[in-house]
Amino acid sequence: MNLAVVRDAYQRFLEAIVLALMVLLTLLVIAGAAFRYAGTALSWYDETASIGLVWLTYYGSALAALRGAHIGVPGLVNAMPPRLRLAAVMIAETVVILFFALLAIYGIKVLIVLQGEHMITLPKVPTQLTQSVIPIGAVLFILAELLRLPDVLRAARGAGFVDAETIEARAHGAPDQSAGAPR
């Protein structure tokens, strides 16, 4: 199977999860505000909203990793000679993947410690479920990095990197802010 096909399917998968989480979190916030305004605040609102935001952050970061949209310094990396650029990229990718592998391992250890614990405001919901996003998100991030790695290595060996924010801005019709362009 073609890696591009797998990557596109993975991106659609992550986008669906992120979209669902955004919709659910939006509805939760609206409901929480409405009930609070009506004088009958939901006792479980604050806890579930914060958990929803954490889930959105973890899944969204995996999607951002797949798109190469995390904070980076492409100008600095591009200023390096190609051999040094490739070494710097390999070191950076290794560090990122190792960090998230450790996060996944320790996230699982946290889940073991939390066995038998439940949410305070929703006692039927196990804390292991709410915190499962840590190892799951870490694995999703690693997978995103690995799926993007061939493109990253190609860019490091070739002409260099483009700034993901610049590409996104141009896709949405922002004017070109490069040298010589009207400001």
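Read-outs throughout are calculated quantities, based only on the coordinates presented, and are distinct from any laboratory measurement. Please read these numbers as outputs of a predicted model, since none were measured by experiment. Cβ sites come from the backbone with ideal geometry, for glycine too, and all protein chains shown count toward neighbours.
What number, in percent, do you get for the relative contact order of the chain if the mean sequence gap of Cα pairs under 8 Å and at least 6 apart is divided by its residue count?
Across the chain, relative contact order equals 26 percent.
With no solvent and one point on each alpha carbon, what is the Debye value of log10 I(q)/I(0) for the chain at q = 0.18 Å⁻¹?
-1.22
So how do 129-138, 46-55 stack up, highest first, on mean other-Cβ count within 10 Å?
The packing order, highest mean first, is 129-138, 46-55.
Whole Å is fine, so just give me how far the alpha carbon centre of segment 4-63 lies from that of segment 81-103.
Computed from Cα coordinates, the inter-centre distance equals 31 Å.
Mind listing the long-range amide H neighbours of His118? Cut-off is under 5 Å, sequence gap 5 or more, other chains count too, H placed in the peptide plane at 1.01 Å from N.
Under 5 Å from the amide H of His118: Thr127.
For the chain, which DSSP H helices look membrane-span-like by this rule: Cα extent along the axis of 27 Å or more and mean Kyte-Doolittle of at least 1.0?
Membrane-span-like by this criterion, though nothing is claimed about a membrane: 3-37, 82-113, 133-157.
Which net charge results for the neighbourhood of Phe100, defined as the other residues with beta-carbon distances under 12 angstrom from its beta-carbon, given Lys and Arg at +1 and Asp and Glu at -1?
Here the count lands on -2.
Apply the Kirkwood formula to segment 39-79: the hydrodynamic radius equals the inverse of the mean of 1/r over all pairs of different alpha-carbon atoms; give it in Å with one decimal.
It works out to 12.9 Å.
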